[in-house]
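> Right, I'll just put the structure down here and ask away after.
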Amino acid sequence: MKFDRLKTIPAVIMTITLGGCFTGVEYTPKVTHNDVRKERIVTTPEDTFLADVADEALREWKPGKRFRITDHKIRLIFGATASVRDSLGGRTLIFDEAREAPSITGTSVTDIVFTIDSCRSLIYRINRPLSTLMEQKALSIPFTIQESLVDDARKLIDGKRLYILTRTWRDDSDNSMNGRQFVAVTVDSVTPGNDIYPIKVSFTDDQGKSARIFLHPGSRTHTPRSFPALFSFTNPRLKYPTINDKAWENIINGRVALDMTREECRLALGAPREVDRGADNSFVREVWLYENGIYLVFEDGLLKMFRH
C-alpha cells in the first residue's frame, strides 16, 4: 500500500465521512458515482460491431452443425443415452436431427439428436413440441457453445488491431490477471470460451504480453463483458488531449499520484463506490471510497491524499 502526505489518513477519513470536519457551506454524504461523471450515452461503432453475432434458431440448424462441450456435466442432460463414465468436456457434438416424440403422459416432446465419435448418438429431450421450439428466436443446449457463433465472431475480430479498455486480463481458464488498459493489442485468435462468455479472444499487446478476454456478443447493457465495454477501435487517449504523458502512463497501469485530477483518477481506477463531499471557506474536499479499503482525497479537484 502507498501512503502519501499523512500517516493519519484513516483518522482523517473517519472525521470527514462522519460529518464533523467541515464548518462551511455544504456537506453531502454518499454521492453515487453517477455524480462523479455524467455523460450522454451515444451509440458507437463498437456497440453495433457484434450485433448480428448470435446463437442460431433451431429452424436454422442443419445436419452437421457443431457444438463445443464446455463441461463434463453435460452427460446429465442426455439421460440413458450417456454413461456416467463419459468424459465429454472439450469435445464436439454434431447435430443430426430434431424429431417430435410422445412422452409417457401422451404429450409431445422433442428429441434433439447428436452424434459423437462419428457413430454414437446422444439424445437431449426437451418437454415442448417441436413446433414450439421452431418458433423460438434461438435455442441453447446446456454446457455447449454453438461453433457458428464463434465462427461469426472470428470473421469480424481475428487479426484486428484494437485498444483494450480494461486492466483485468484473463488466462486460458478465465482467471483474472493484471494487465494494462487503453493500450493497443492485436487479436491473435478467436476460439470457444465458456458457458457464460462463449467467445475467447486471445491477443498480444505492444510490449509482447499475451492474454485473453472472454466476452459475450450483445449490447453494453446486455452483459458487462460486451465488445464495446472491453475494446475500442480508436485510441482512447485522443479523447483526453490535456492529460500529460506522466499522468497517462499512471492511468494505463491503474495507478494514481498526487495532484492528478478527478478525471485522471477515474480513468485510472474507475468510478468509486461512493463519494463524500464537503466544503469550507478554503477549499472543496471530496473523498472517493473504493472496495478493499482504497480511498482518494481531493482538494479543489486535485488529489492530495490516497491509499491505493
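> Please identify the pairs in which a residue from the stretch 138-151 that is in contact (Cβ under 8 Å) with a residue 12 or more places away in the chain has its Cβ atom under 6 Å from the Cβ atom of a residue that is surrounded by fewer than 23 Cβ atoms within 10 Å (Cβ to Cβ) and in a loop (DSSP other than H, G, I, E, B), counting only partners at least 6 apart or on another chain.
A138/D55; A138/A57; S140/D55; F143/T70; F143/D71; Q146/D55; S148/E56; L149/D55
> Looking at T43, T32 in this structure, which one is loosely packed, with under 14 Cβ neighbours inside 10 Å, at pLDDT below 90, within 30 Å of D280 (Cβ to Cβ) and β-branched (V, I, T)?
Working: T43 fails: within 30 Å of D280 (Cβ to Cβ).
Selected residue: T32, the only one of T43, T32 that is loosely packed, with under 14 Cβ neighbours inside 10 Å, at pLDDT below 90, within 30 Å of D280 (Cβ to Cβ) and β-branched (V, I, T).
> Moving on. Give me the helices (runs of 4 or more DSSP H) completely within the stretch 207-308, filtered to those with at least 1 residues that are touching a helix residue (DSSP H, G or I) at 6+ places or on another chain (Cβ under 9 Å) and modelled with pLDDT under 95, ordered by residue number. Walk me through how you get there before you give the answer.
Details: elements: 227-230, 245-252, 262-269.
Result: 227-230.
> Would you say T204 is among the hydroxyl-bearing types (S, T, Y) and assigned to a loop (DSSP other than H, G, I, E, B)? Working first, answer last.
On the way: among the hydroxyl-bearing types (S, T, Y): yes; assigned to a loop (DSSP other than H, G, I, E, B): no.
So T204 does not fit the description; no.
> Taking S140 as meeting all but one of (1) open to solvent by 60 Å² or more (accessible area, probe 1.4 Å); (2) assigned to a helix (DSSP H, G or I), write down the number of the exception.
(2) is the only condition that S140 fails.
> Okay, next question. Hey, can you tell me all the residues within the stretch 86-137 that are open to solvent by less than 20 Å² (accessible area, probe 1.4 Å) and in contact with a helix residue (DSSP H, G or I) (Cβ under 6 Å, 6 or more places away or on another chain)?
L88, T110, L122, L133
> In the stretch 153-188, how many are outside any strand (DSSP E or B), crowded, with 18+ Cβ neighbours inside 10 Å, touching a Phe, Trp or Tyr at 6+ places or on another chain (Cβ under 9 Å) and without any contact (Cβ under 8 Å) to a residue 40 or more places away in the chain?
Number of matching residues: 1.
The values are calculated or read from the model by the stated rules, or taken from the named source; none is laboratory data. Predicted, not measured: the structure shown is a model, and the values here were computed from it. As a convention, Cβ positions derive from the backbone with ideal geometry for all residues, glycine included, and neighbour counts pool all protein chains shown. The accessibility values were calculated without ligands, DNA or RNA, using every heavy atom of the protein model including side chains. Shrake-Rupley method; radii C 1.70, N 1.55, O 1.52, S 1.80 Å.
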